[in-house]
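The values are calculated or read from the model by the stated rules, or taken from the named source; none is laboratory data. Note that this is a predicted model, so its numbers are computed, not measured. Cβ placement follows ideal geometry from the backbone for every residue including glycine, while neighbour counts extend to all protein chains displayed.
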Amino acid sequence: MEVWLWFAVGIVAGTGLGYWWFVGSKTQPQPATAEEVPDKSLDQLIQSLPGVVIKIDENYQVLFASDLARNLGLVLENRIKVAQLIDAAKNCRLDQQSKNLQITILQKLGKSQTTLEVCIIPINPKHTLIFAQDLSLLRRVEAVRRDFVANISHELKTPVGALSLLAEAIASAEDDVESIKKFAGRINIETERLANVIRDIIDLSQVQADEPLAKSQKIEVDRMILEVLDSVNIAAEIKKITVVHVKSNQLFVVGVEKQIIAAIRNLLVNAINYSPEKSQITIGTTRKTGVVEITVTDQGIGIPIADQSRVFERFFRVDQARSRDTGGSGLGLSIVKHVCENHGGEVSLWSVPGEGSTFTMRFPDRVSSEEAAEKVKEVL
């Protein structure tokens, strides 16, 4: 557990013990305001803490839950949804001793897991506090450190080697103007490829290391799509590709806007790169039960069935020669996969060689769930 969490636990535990001493040392009933003073101080401390923080009462009803606790699915309305946490809180309340445990929870679509190190402490006769640290995030950061070095050594050596050879070729060409122009043009291509690779490696590293549910916000899907369409418009026009945007009726997702935009952009850039001239690409969004879908469909070359299970792997390319021509790094679809999983979602592929491909990103419909919960709360 990180230093800040132990520090917070120590403060809260100390405050709780002080409260018990305060109550136990008085032989006469005290006014209500005397009990409210430590509670107000505790509430301010609790609400300022980062990460997973939950405060519950003697009936195990949630009095406060941080955004991350709700986004991870630990809390819905005023109830804890994880049986392990409830059992541990009951044991903590029975013997008035702090409890430590690890729990692993599935994200909403069941494709990724989050491991939490949990500390539960009693803070007064009625209230119990739950802290948790995301161990999955620490493991992801460590994996990023390893992968970053592997990615650099794997992918940068090709364009760097090509630039070195082209520089030698220009030096040896001397007064051959046509050859120098040809080599200089190739240097521009390799430089652009190198820039793309570096950008994608940085994007993938950030996506792998980030914890979007800790700093998520409500984002309109169509607004993100319009932003991406604006950025890829020139590339589509060069190939005379028509991009059709099927707008939704005010659909929202909860997450990190920068990450989701990067995923949409990668799907659209792939569709443009692997589609013939004068074809059509369609992007749209729909809401299904508990899920918001973003779908990109093209009329491109398609992907062979044997390769469809591997397209989301880092650096995997169906057609090496075509990837060199388009300047692709082989990381785009891996970024899409990580973005979806980070948000508790998934990405899938349907493709027929020669007919085209459809990529579908699915995100949990957290906004509708929250709105439904609020409506139920209002009725009750």
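Which of the following residues is within 20 Å of the chain's Cα centre (by Cα) and either modelled with pLDDT under 90 or assigned by TED's automatic domain parsing to the domain that holds VAL62 (or both): GLY328, GLY344? Write out each step before concluding.
Numbers: GLY328 fails: within 20 Å of the chain's Cα centre (by Cα).
Selected residue: GLY344, the only one of GLY328, GLY344 that is within 20 Å of the chain's Cα centre (by Cα) and either modelled with pLDDT under 90 or assigned by TED's automatic domain parsing to the domain that holds VAL62 (or both).
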Looking for something modelled with pLDDT under 90 and touching a Ser or Thr at 6+ places or on another chain (Cβ under 9 Å) - is there at least one such residue anywhere in the stretch 348-358?
no
Under 6 Å between Cβ atoms, at least 6 apart or on separate chains: pull out the pairs that start in the stretch 178-197 with a residue that is surrounded by 14 or more Cβ atoms within 10 Å (Cβ to Cβ) and end on any residue that is β-branched (Val, Ile, Thr).
ILE180/ILE170; PHE183/ILE170
Of everything in the stretch 240-256, what is at pLDDT below 90, surrounded by fewer than 19 Cβ atoms within 10 Å (Cβ to Cβ) and in contact with a Lys or Arg (Cβ under 9 Å, 6 or more places away or on another chain)? Give them in sequence order.
SER248, ASN249
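Examine the stretch 229-239 for a residue that is assigned to a loop (DSSP other than H, G, I, E, B), in the same structural domain as PHE312 (by TED's automatic domain parsing) and either aromatic (Phe, Trp, Tyr) or modelled with pLDDT under 90 (or both), and state whether such a residue exists. Full working, then the answer.
Within the stretch 229-239, the first condition is being assigned to a loop (DSSP other than H, G, I, E, B), and the residues that meet it are 239.
Right, trim to in the same structural domain as PHE312 (by TED's automatic domain parsing) and you get 239.
Restricting the remaining residues to those that are either aromatic (Phe, Trp, Tyr) or modelled with pLDDT under 90 (or both) gives none.
Within the stretch 229-239 (the criterion being assigned to a loop (DSSP other than H, G, I, E, B), in the same structural domain as PHE312 (by TED's automatic domain parsing) and either aromatic (Phe, Trp, Tyr) or modelled with pLDDT under 90 (or both)), the answer is no, since none of the residues qualifies.
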Are there any pairs, at least 6 apart or on different chains, whose C-beta atoms fall under 7 Å, with the first in the stretch 224-248 and within 14 Å of ALA271 (Cβ to Cβ) and the second hydroxyl-bearing (Ser, Thr, Tyr) and surrounded by 15 or more Cβ atoms within 10 Å (Cβ to Cβ), and if so, which?
ILE241/SER275; ILE241/SER279; VAL244/THR282
Counted residues in the stretch 277-302 being assigned to a strand (DSSP E or B), under 18 Å from ALA236 (Cα atoms) and of a type in the set (A, V, I, L, M, F, W, C) come to 3
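Looking only at residues that are of a type in the set (A, V, I, L, M, F, W, C) and within 17 Å of LYS126 (Cβ to Cβ) in the stretch 66-99, which one is surrounded by the fewest Cβ atoms within 10 Å (Cβ to Cβ)?
Applying the first criterion (of a type in the set (A, V, I, L, M, F, W, C)) to the stretch 66-99 yields 68-69, 72, 74-76, 80, 82-83, 85-86, 88-89, 92, 94.
Among the residues that remain, those that are also within 17 Å of LYS126 (Cβ to Cβ) are: 80, 86, 89, 92, 94.
On the way: ILE80: 20, ILE86: 14, ALA89: 21, CYS92: 19, LEU94: 9.
Checked the stretch 66-99; the qualifying residue surrounded by the fewest Cβ atoms within 10 Å (Cβ to Cβ) is LEU94.
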